[in-house]
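First up is the structure itself, then whatever we jot down about it.
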Amino acid sequence: MPELAEVEFYRKQWQCGWRQKILAVELHPHARLLRGADTKALRRTLTGAVLLSSEAHGKQMFFRFSRNGWLGLHLGMTGKLRAEPPGHAAGQHDHLVLRQRRQSLVFTDPRQFGRVRFHAGDTTPPWRANLPAPILSNQFTRSAMERFLRRHGRMALKAVLLMQDGFPGVGNWMADEILWRAGIHPARPSARVEATEAKKLFREVRFVCREALRTVGADFGDPPAAWLFHRRWRHGGVCPRDGSALLRAQIGGRTTCWCGSCQK
DNA sequence: TACAATGTTTTAAG
DNA sequence: CCTTAAAACATTGT
């Protein structure tokens, strides 16, 4: 489920716990989403620690604690963060629960494609270093984007937009939305994007990220009514721009939706 | 039933 | 070492 804006929304669900102590940590040590994490150290360090702040980067979230503790969370396909009352009984898929006096912070994920990472130490966690330029930052430039497209020039543009090293936070629906706005066919090899199109693509990548954050990211609201988003899964969905039937196929390993007349 | 689901990671081939 | 494509991961809903 979660892409850039949904991740930002879920990150904020734990903000009510900032500057408050973790009284207890509940987790299933063998849960798949804890793979590779030192769960003993996680429990030892975070029990009694204070949740200080958090940040989102693409689809990743970083939570900072006192005692130099860090959690890195990824929601995978079905992960969610939410705050529940202090006495909340953990459900079957509530794999990590941080108990605080006033609420319980819950990470739930039925499919367990998500991930929990833990790090303690003076230095920033290795998984928080060397991150790609955020799309809405000044470091995300058109020339850097074009370099990335050329580097993966034989891949379908749809598949390249899904690569987190180049477009952190973009997922399946955002990629389709971007390509629909830019008027480019999702299967077009990246190297065959012309200069004018690249300029348009760059603008639309940033626009979709900004608007998604403003709508979905703020309160899990709907994206603007005229977006492809609202038609893409509907049987018999039509292009919001010209009314022609939307097409669907596997491109870049994912179900892709596009308008055959707007996107060439 | 069988298939597909807003995502990575691993594996294998070129 | 680099790029690309496909399978694997686990669960739920249609």
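Quick note: the coordinates plus some simple rules give every number you see, no bench work behind them. Bear in mind that the values here come from a model prediction, so they are computed numbers and not experimental data. Cβ placement follows ideal geometry from the backbone for every residue including glycine, while neighbour counts extend to all protein chains displayed.
Table for the structure above
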item: Equivalent ellipsoid, chain A (semi-axes from 5 times Cα gyration tensor eigenvalues, Å); result: 37, 20, 15
item: Computed log₁₀ I(q)/I(0) - Debye formula, equal Cα scatterers, no solvent, the range A:4-128, q 0.12, 0.14, 0.15, 0.21 Å⁻¹; result: -0.37, -0.51, -0.60, -1.32
item: Magnitude of the charge dipole, the range A:26-155, Cβ model with Lys/Arg +1 and Asp/Glu -1, debye to 20; result: 320
item: Orientation-averaged projected area, Cα convex hull of the range A:65-142 (nm²); result: 7.3
item: Extension reserve of the residue A:219-residue A:255 stretch, reckoned as 0.36 nm per residue once the Cα distance is removed; result: 10.3 nm
item: Restraint check, A:12/A:199; A:59/A:200; A:80/A:199, Cα-Cα greater than 29 Å; result: A:12/A:199; A:80/A:199
item: Computed over the range A:158-205, Kirkwood Rh from alpha-carbon pairs, angstrom; result: 10.7
item: Nearest-20 debye value, chain A charge dipole, Cβ charges on Lys, Arg, Asp, Glu; result: 340
item: Rh (Kirkwood; distinct C-alpha pairs) - the range A:142-259, Å; result: 14.4
item: Residues with amide H under 5 Å from that of residue A:77, placed H, sequence gap 5 or more; result: A:113, A:114
item: In nm, spacing of pseudo-spin labels at residue A:143 and residue A:12 (7 Å Cα→C-beta vector); result: 3.6
item: Charge sum, other residues only, whose C-beta stays under 14 Å from residue A:142's C-beta, Lys/Arg counted +1 and Asp/Glu -1; result: +2
item: Dmax and Rg, reported as Rg then Dmax, of the range A:1-55 (C-alpha, Å); result: 13.1, 32
item: Neighbour net charge for residue A:132 - beta-carbon separation under 14 angstrom, K R +1, D E -1; result: +3
item: Positive dipole terminus of chain A, leading residue within A:18, A:100, A:73 (C-beta point charges); result: A:73
item: Likely footprinting exposure, A:98, A:228, fewest C-beta neighbours within 10 Å first; result: A:228, A:98
item: Zone residues, the range A:1-37, relative to residue A:77, backbone N less than 13 Å from point 7 Å out along Cα-to-Cβ; result: A:1-2
item: Taking A:40, A:158 and counting other C-beta atoms within 10 Å, the order from fewest to most; result: A:40, A:158
item: Charge sum, other residues only, whose C-beta stays under 13 Å from residue A:248's C-beta, Lys/Arg counted +1 and Asp/Glu -1; result: +4
